[in-house]
Structures are given as structure tokens and as C-alpha cells.
1. Tell me, Kirkwood radius of the range B:7-119 from alpha-carbon pair distances, in Å?
2. How big is the range A:50-328 in terms of Cα radius of gyration and Dmax, in angstroms?
3. To the nearest 10 degrees, how steep is helix A:330-342 against the longest Cα principal axis of chain A, on a 0 to 90 scale?
4. Less than 13 Å apart at the alpha-carbon level, and either on another chain or at least 8 residues along: which aspartates and glutamates does that give for B:K61?
5. Please quote Rg/Rh for the range A:1-114 to two decimal places, taking the Kirkwood radius as Rh and restricting both calculations to Cα atoms.
6. Among the lysines, which have Cα under 28 Å from the Cα of A:K292 when same-chain residues fewer than 8 positions away are ignored?
7. Based on the alpha-carbon set only, what is the convex hull volume of the range A:178-334 divided per residue, in Å³?
8. Please give every one of the lysines within straight-line cross-link reach of B:K56, meaning a C-alpha to C-alpha distance under 17 Å, and leave out same-chain neighbours fewer than 8 residues apart.
Amino acid sequence: MSEATRPVRGPTTIPFGPQHPVLPEPLHFDLTLEDERIVDAVPQIGYIHRGLEMLVEKRDYLDYTRVAERVCGICSFMHGMGYSMAVEDMLGIEVPDRARWLRTFWCELERAHSHLMWLGLAADAFGFENLFMATWRAREIILDVAEETAGGRVIYGSCNVGGVNRDPDDETLKRCAKELEKVRAEVARLAEVFVGEPTVRHRLEGVGILGKDKAYALGAVGPMLRASGVDYDMRRTGYAAYSELSFSTVVETAGDCMARAKVRIREIEESLRLVAEVATRIPGGPVAIPVKAVPNGEGWARVEQPRGEALYFVRAAGKRNLERFRVRTPTFANIPAMVEAMHGAELADVPTIILTIDPCISCTER
Amino acid sequence: MSANLMHDIEEVATDGLLKAVDSLLLDGWRLIQILALSSESGNEINYSFGGGYAMKTLRVKLGPKDPVPSITSYYAAAAFYENEMRDLFGIRIERIHPDWHGDLLGGAKPKPFSRVRIAGTSVERPVPLNAPATSVSQSGSEGAAAPGGEGGSK
């Protein structure tokens, strides 16, 4: 081949997404490659931006809890609770003890089913259909418990500013906790397959490594941060009933995709154990206090969601419609770290790296 | 502020922002969010930093057209927040790196969250999706409003 006809070698930019077989939601990357190796990744979101934050200007601040829940269909309860906590912070409201414990009960249910859902999606992405079916079957029990105690399988609708609007009796909670024992047993069995299966390990081990210092500096949160060896969990701040519960923070040190998977698998077990503890120790009493104040000022709240810390902000100016609601979702915080983890990875590993941050684009775009 | 949130809020001037950010970086704080607010009189930006479970927020108040320097040279992750803030609020941020030029969110409507009122123009209000195309340019009642709110300043 003559010099004139030889193809120019250099970086190639290819589009990835927004539609991709492993992505349930739209996310686009312009990937710059040298051969098969990624040297740069430029993310683009905005395909499903709904402007829910702006809707706070149109709705009564007490009703807006229902809108806040719809920021995400997986961690809906926690979004409603985070918004409520920020408003309660602004109004100086203390919610009753039983409401705090019930919130914890539903938060941990949500964490367990979110991680199980992720486990199923990851298995599906590897082409491991059986594991996908088995994890979602186990998750079904959690959704049934959510429906029985909160009234909804996906959008619970049970959190209000000032407390909760459902009060399942103690016997129901204990019976549900017993039912969840089946999930714990099933998760232990599935975890063994997931962590020990050579084909899964081949896809996850040593892929998308994110170092401890980089993860912290880039603002990573949740399992993404804890899988890189940082012991950081907002539940340690003691919101809801966490200050009265003992739980361990799950930390791994490898920083690769497998470490992120292991953190989530072990967190399912810990969350189900917490649900059982709440069902046993929950105090009696009212579950809500009446809220009649006209909001004024600003409030903040930090909540540990399944994907990591979410940060809520509200501001009001003496009207029933707030001026601003803002939620910094965990996936948004994890995007810089995800882009960093892609650098140097093979093109074929990109879907795995994206999956193991457990992206929720619906949350990210609000 | 609730007891479990260890949070300080400090108001800084625009020209003192980078010095304050530099100081936080040297003290080991990491960026956890940038939050923008818009009102008719101007914009406000809150930069929140985390150190352990404590949080510190630097608050900058801007006039309607005031630019703010980018903090991406101190915190690389700020690029995502700053690009989002620019796309949604139209706040002028100087020297963002990388600058995706509106591609991060890439909405059909420029700066949809902006509420800044420039003298002599109206504030552009959200237009229903099913509204006739002509109503976009006729929104507001105080004179000609160009799409984007401040574009029609006189």
C-alpha cells in the first residue's frame, strides 16, 4: 500500500447509546478510542428531562411529596422521604418515633429490591437469563410486602411531610419480616452463583477499576464509593431511625465491577436484616403530626439511597408553593467517576462499567 | 438545620469564590453538588462541599447578567454541574472545562429554569406542549420577549 492510500491511524470517535440493549434508560456517550481502548468519554443526557423540580412552583408544598416520589420508580419512597425531610428541616418539625421507624422499614425494603433488580439486570446483560429470572422472582416477595404495608409496589405513596400516612400493625410487620426470610435464603444462594460463576467473574473482575482517592475526589457515592474502599454511608448521620439501629457499612477494596456487585449483594442481606429488626423493635404511637405552617426559609436533607447519597434542598418565601426544590441524585454524582473508570477500558467492557454504577437516568434528569 | 446535618453556609463575593474553593480543596473537602436558583432579580449559586459527614456551602449571589468563574480547575467533577446549570439556567460560567456547549442536557428550549428579568423585557413562562407555535414568541405581557428570556433586552 502506498503512503498516499494508507489509512490514517488515530483516535476514532463512536457513539454509544442512547438506545443500547443493556441500558433500560437513554444515556449517550461519545467514546473516543485508540484501537479498542477508551481514551475519552463525553456523556450526554437530557432525553427524558421532565422538569419535575420546576413543578414545585405550581403545586402545594404538601401535595408535592407525591410528585417528588415520581422522580424515580425504583427509589420512589426515598425521594418522597428526602423531600419531606427537607421541608421538615425548613419548618423545624420533628416527626413521631413510629413514623421514623416505618420510614426506615420502607427505605430498607426499597434498597433490597433495588439491588435485586440491579442484580437481575446485570445477569440479563451477561446473557445469564436464569439468574435474571431467579433474582426478580425473589424481588417479587419484597414488592408484595411493600404493597401490603405501604399500599403500592413501586410508588408507595406512604410518606408525608410530618410523618407517614399508613400504619401497618405490629403483627403485619412481623409476618412480613418472616416472609422476607425466604428472600434472604434465596439471595444467599444466588450470591454464591453470582460471585463464584467463572463467566460472571470473567466479565467483572479487574474491569473498570476506580481507585479510592479518585472515587472520593470525583464525588462518587454509594456502592460506587464503598467498592473503592471508602467507608461512607449517609445512614451513619442517624436520620429516620438509623441512630437507634446497629448496622454495618459494606465496604470492598478492589474498586472493580465485581467489587461493586459484591457491595450490593451484601447490602441486600444487611437491609433485610434491618427490616426484621425494625419489625421487632418498632415503638408504638402516632405516625404523623398535623402540618399547617406556611413555609418560609430553606431546608436541606441528605439520604442514603440504593445508589448512594441524595441531597435535597427546598426554599420557600411565605407561600404554599415553594420557590425551589432541588435533588442532587446519586447517579448524577457518579457520572464523573464512571467516566474516569472508563478511561483505559476496552470498548466491550463499557456496558458492564455503566451497569455497575446502577445508573438511574430518570433520577438524574428529574 | 436539623441536628444530624453538620452544615455551614458562607456567602462569598464572586471575586472571592476561587480563593475560597482553593482553600477548601487544600483542606481536603470534596465537591458534592452545585445548586442554582433563579429569581427575577438575578441568580444564586450554592457550591456544597463534603468532608466526612459535614457539609459546607459557599453561596454566591449574581446580578441578572453576571458571569461566574468555573471551578473545574479545582474540582474536575464540577464540569457536570456547571454544564447542567448553564443549560438549565443560562448562567454565564467562564472557562468551564470541558465545555459541552449545551450538549449535556441539550433541550429544545433554551435555559428553561431561568427566571431572570432584564429591564424592559418579560420573563418567559413555560409554554404548554400543545400550544400553537406562535404563542412561544407571544408569551409574557410586558413587551417583546425573545425565547430564552433575556434575549430581547433593550
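What follows draws every value from the coordinates through simple rules; no lab data is involved. In this text the structure is predicted, and so the values were computed from the model without any measurement. Neighbour counts are summed over all protein chains in view; Cβ atoms, including those assigned to glycine, are modelled from backbone coordinates with ideal geometry.
1. 14.3
2. When restricted to the Cα atoms of the range A:50-328, Rg and Dmax are 19.0, 60 Å.
3. 20
4. B:E10, B:E11, B:D15, B:E40, B:E44
5. Reported Rg/Rh (Cα atoms, Kirkwood Rh): 1.26.
6. A:K58, A:K319
7. Each residue corresponds to 143 Å³ of Cα convex hull volume.
8. B:K19
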